[in-house]
Structures are given as C-alpha cells and as structure tokens.
Amino acid sequence: MEFSNLTGRATQDGITVTVNVYRFAGTQDPWTLEVVDPAGWSTIWSTTFASDEDALDAFTEAVEEGGGMRAFLEPPPTLH
C-alpha cells in the first residue's frame, strides 16, 4: 500500500483519530479514506477519491457535519 503524505493523526476536543489515505502502491488508482478511533474501530468510506486532497476534504467535512471527532467513536452497525 502507498500511504499519502496527508495520512496522520487529528485531534479535536481531546479525541485523537488516525486518518489513513492510501491506494495500491505503484498505481494511479483512486485513494481510499479510513479513520481509526482510539479503540481501534475503523471507518472506511465506500467511495474512493481522485486525489488524496479530496479524501482529506471528505474527512474534514465528516467531522464538521458529524459534530466533531465523536462521530467516529461509535462502533459500526452490525448487519444481520
């Protein structure tokens, strides 16, 4: 995997998450966005992004619209 230089940690209101922006190494494939919370829960966007900047913009938008980093603290729903 090739990780973007935009991959890193983000902190807001005492909550730190890891923001991963990646794609298959050596390709021009679209970028994938993943956010990992302090407990290890992972949120992966179902859409991909043309640029790593677009992926980071989607993260920023999710934080703003979701009420902050708390949006990433809930475990994903279980599908039955």
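The values are calculated or read from the model by the stated rules, or taken from the named source; none is laboratory data. Just so it is clear, the structure is predicted and the values come from calculations on it, not from any experiment. Using ideal geometry, Cβ is built from the backbone for each residue, glycine included, and neighbour counts are taken over all protein chains shown. Quick note on the areas: whole protein, heavy atoms, side chains included, nothing else; ligands and nucleic acids left out. Shrake-Rupley method; radii C 1.70, N 1.55, O 1.52, S 1.80 Å.
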- [ ] Determine the pairs where a residue that is closer than 20 Å to Thr11 by Cα, located within region 32-52, has a partner that is of a type in the set (S, T, N, Q) and assigned to a loop (DSSP other than H, G, I, E, B) with Cβ atoms under 8 Å apart, the partner being 6 or more residues away or on another chain.
- [x] Asp52/Ser4; Asp52/Asn5
- [ ] Sort out which residues of region 7-52 are closer than 20 Å to Phe72 by Cα and open to solvent by 60 Å² or more (accessible area, probe 1.4 Å), and write them in order of number.
- [x] Arg9, Thr11, Gln12, Asp13, Gly14, Pro38, Ala39, Trp41, Ile44, Ser46, Thr47, Thr48
Open item on the list: I'd like to check something: does region 56-72 contain any residue that is open to solvent by less than 90 Å² (accessible area, probe 1.4 Å) and in a strand (DSSP E or B)?
Closed with: no
